[in-house]
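The values are calculated or read from the model by the stated rules, or taken from the named source; none is laboratory data. This is a predicted model, so every value here is computed, not measured. We place every Cβ from the backbone using ideal geometry, glycine too, and count neighbours over all the protein chains shown.
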Amino acid sequence: MDNDLHLVKETLKGNQVSFRVLVERYRDYVFTISFKVLNNREESEEAAQDAFLKAYRGLARFEQRSKFATWLYQIAWRTAIDRLRARPPKAMSVDEGSIALQLPDAADSPAQQLHRKTIRAFTHQALSCLKPEDAALLTLYYLNEQSVKEITVITGQTESNVKVRLFRLRDAMKNQLMRMLKSEVKEIANG
C-alpha cells in the first residue's frame, strides 16, 4: 500500500492507531502465512501475534529496501518456521478452517458460489497434503500474489530456488488435484 510508509513513520512517532491500521490491513495475510506453515489455527494465531509484536519492536530497523508488507511477511514466515522447528516431531494437525485461503467471493449466482466453494475446498485439501513450507510457498505466490523477488526476501531462498520449487509444486498440486478429482468422478459415476 502507498501509505504504509506514512503509517510506519507515524507509529515511530508514537501513534498507536497507525500501527493498528497496519495490523488490520495485514492480519489475514500474516495469519495465512502462519497457518500454511503450522497447519494449526490456534498456533497460527499466536504466531501471527508474535510476528506483529516483533514487527512493532523492530519497526525502527525497517530500512525500506522492500515494501513494508514484504518485510512483515518475512517476519511472519520466520516466526512460523521457528515455531514449527520447536515442535515435537510428532504432531501435525490439519485445521479445516477456510480463512487460510484468501480467494475473493463476489456476488455470484448460487451455482457460481457453490463452484467457487468447491474449488476452494479442493485447493485447501490439496495444499494440506503438501509439506507445510511448500504449501506456504504456493500460498505466498498464488493466493497472496507475492512476486518471486518478494518471496526470496521472505523465505531467504535464492530466486532460482524459489522458481524451481514453484515449478515442482505446481506439478505436485496438479497431480494431487487430479487424484482427488478422479476419485470424485468415480464416486459420482458409481453413486
>> Could you check region 98-117 and list, in sequence order, the residues that are closer than 24 Å to residue 137 by Cβ and at pLDDT 70 or above?
In response: 116
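Give region 26-55 a look and list any residue that's in a helix (DSSP H, G or I) and farther than 22 Å from residue 152 by Cα, or say none.
At the first step, the residues of region 26-55 found to be in a helix (DSSP H, G or I) are 26-38, 41-55.
Hits for region 26-55 are 41, 42, 43, 45, 46, 49, 53.
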> What pairs come up if the first residue lies in region 70-82 and is in the same structural domain as residue 43 (by TED's automatic domain parsing) and more than 8 Å from residue 30 (Cα to Cα), the second is charged (D, E, K, R) and surrounded by 21 or more Cβ atoms within 10 Å (Cβ to Cβ), and their beta carbons are under 6 Å apart, counting only those six or more places apart or on different chains?
Replying inline: 70/150
> Any chance region 123-133 includes a residue that's touching a residue at least 40 places away in the same chain (Cβ under 8 Å), within 18 Å of residue 51 (Cβ to Cβ) and in the same structural domain as residue 179 (by TED's automatic domain parsing)?
Replying inline: yes
>> Please count how many residues of region 7-17 are polar (S, T, N, Q), without any contact (Cβ under 8 Å) to a residue 12 or more places away in the chain and part of a helix (DSSP H, G or I).
In response: 1
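Considering every residue within region 86-97, establish whether at least one is touching a Phe, Trp or Tyr at 6+ places or on another chain (Cβ under 8 Å), outside the structural domain of residue 124 (by TED's automatic domain parsing) and either modelled with pLDDT of 90 or more or not in a helix (DSSP H, G or I) (or both). Break it down stepwise before answering.
So in region 86-97, the residues touching a Phe, Trp or Tyr at 6+ places or on another chain (Cβ under 8 Å) come out as 95, 97.
Applying the additional criterion that residues be outside the structural domain of residue 124 (by TED's automatic domain parsing) yields 95, 97.
After this cut, where a residue has to be either modelled with pLDDT of 90 or more or not in a helix (DSSP H, G or I) (or both) as well, the list is 95, 97.
Yes, there is a match, as at least one residue in region 86-97 is touching a Phe, Trp or Tyr at 6+ places or on another chain (Cβ under 8 Å), outside the structural domain of residue 124 (by TED's automatic domain parsing) and either modelled with pLDDT of 90 or more or not in a helix (DSSP H, G or I) (or both).
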